[in-house]
Amino acid sequence: YRDMSRLNDMLPRINTLPLGCGAIAGHAFGIDREFIKGELGFDSISLNSMDTVCDRDFVAEYLWWCSMMLTHLSQLAEDLIIMNLNKGVALSDAYSTGSSLMPQKRNPDALELLRGKAGRIIGHLCGFLATLKGLPRTYNKDLQEDKEPLFDAVSTAHDCLQIAAGVVATLSPLPEGLEKALVPEMLATDLAEYLVRKGVPFRETHHVSGAAVRMAEDRGIPLSSLSCADLKDLHPLFEDNVVDCWSFEKSVERKSSAGGTSRKSVLDQISFLRKELK
């Protein structure tokens, strides 16, 4: 959503008419640039001719946007690569390949390539900014170096977005694999929040929860195996219903604020994005 918003913000800014600036100092025959702007569908005209002929902000800004968008796709790809490795998701055969050595292995090639393409476009951005930084005003031949990174970024972004959409649309979550990754120690914050609901400041409950984690580690048992009596030794306000803290589903549902992880919050986020993307 942020990437879409940035792209929409960028379009009016770069949709600026350069026509009428000439090679350096403007037009000597009274051309009406405002009229041309309206006829050609531009949002504005450039303000200074000497600046306009060397202005490649629109290239640099698009390369930055593309780098940021692909960075986000790369992060998504890395999440899915890890989840695929841990048997949390299964990738479609269309976006993965078999190993040349291990018959049982399915390589997440599409995701790895998405991750690699981000570095490529970030390189285009850094290289082009390095070209721009030493140029004086008006046109310099160095500026012909804008074409290759720009065109490559456009085609790369187009391809990567299609591939990412295909990967997500065809993957299958594996509930059993995802559940195996859950460990009681993830719920240490819920243990601290249990006491917060009883009026204890979080700065204190944080230390109590940390002490419970250390107690479980010292005994070589999961955090959820500590008894109510064990926890009472750490703070007197623990009661028998503290066992509710060890429910992963209840933990998720408690995060019910906007943007949270509860079912309603997630469905609200999906509904918002569907509306924005129409």
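What the Cβ-Cβ distance of A165 and F58 gives, at R0 = 25 Å and to the nearest 0.05, is a FRET efficiency of 0.40. Taking every alpha-carbon pair under 8 Å whose residues sit at least 6 apart, region 1-65 reaches a relative contact order of 40 percent. C228 contributes about 30 Å² of solvent-accessible surface, heavy atoms of the protein only, 1.4 Å probe.
When the solvent-accessible area of region 1-116 is split by element, carbon and sulfur atoms take up 58 percent of it, the probe being 1.4 Å. Of the labelled figures [x] 61, 43, 36; [y] 91, 55, 38; [z] 65, 58, 31, only one reflects Cα extents along the principal axes in Å as derived from the coordinates, namely [y]. Inter-label distance, R120 to I31: 3.7 nm, where each label sits 7 Å from its Cα along the C-beta direction.
Solvent-accessible surface (1.4 Å probe) assigned to M50 amounts to roughly 90 Å². Label separation (K87 vs R203): 4.6 nm, computed from points 7 Å beyond Cα along the C-beta direction. For the chain, adding -39500 (n - 2.57) for each run of n ≥ 4 DSSP H residues and dividing by the number of residues yields -18500 deg cm²/dmol at 222 nm. Suppose a student asked you for the relative contact order of region 120-278, using Cα pairs under 8 Å spaced at least 6 residues apart; what percent would you report? Value for region 120-278: 14 percent.
For the chain, averaging the sequence separation of C-alpha pairs within contact (under 8 Å, six or more residues apart) and dividing by the residue count gives a relative contact order of 15 percent.
Proximity of backbone amide H atoms, modeled 1.01 Å from N, is registered between V89 and N84, L174 at under 5 Å, excluding neighbours fewer than 5 places apart on the same chain.
Placing unit charges on the Cβ atoms of the charged side chains and taking the dipole of region 156-275 about its Cα centre, the candidate lying farthest along the positive direction among N241, I270, V252 is I270.
Averaged over residues, the count of other Cβ atoms within 10 Å places the peptides 8-17, 205-214 in the sequence 205-214, 8-17, highest first. Put simply, the C-alpha atoms of region 75-222 give a gyration tensor, and the ellipsoid matching it has half-axes of 45, 28, 13 Å, longest first.
The values are calculated or read from the model by the stated rules, or taken from the named source; none is laboratory data. As the structure is a computational prediction, the values presented were derived from the model and not from experiment. Ideal geometry is used to build each Cβ from the backbone, glycine not excepted, and the neighbour counts take in all protein chains shown. Surface areas here come from the heavy atoms of the whole protein model, side chains and all, with no ligands, DNA or RNA. Shrake-Rupley method; radii C 1.70, N 1.55, O 1.52, S 1.80 Å.
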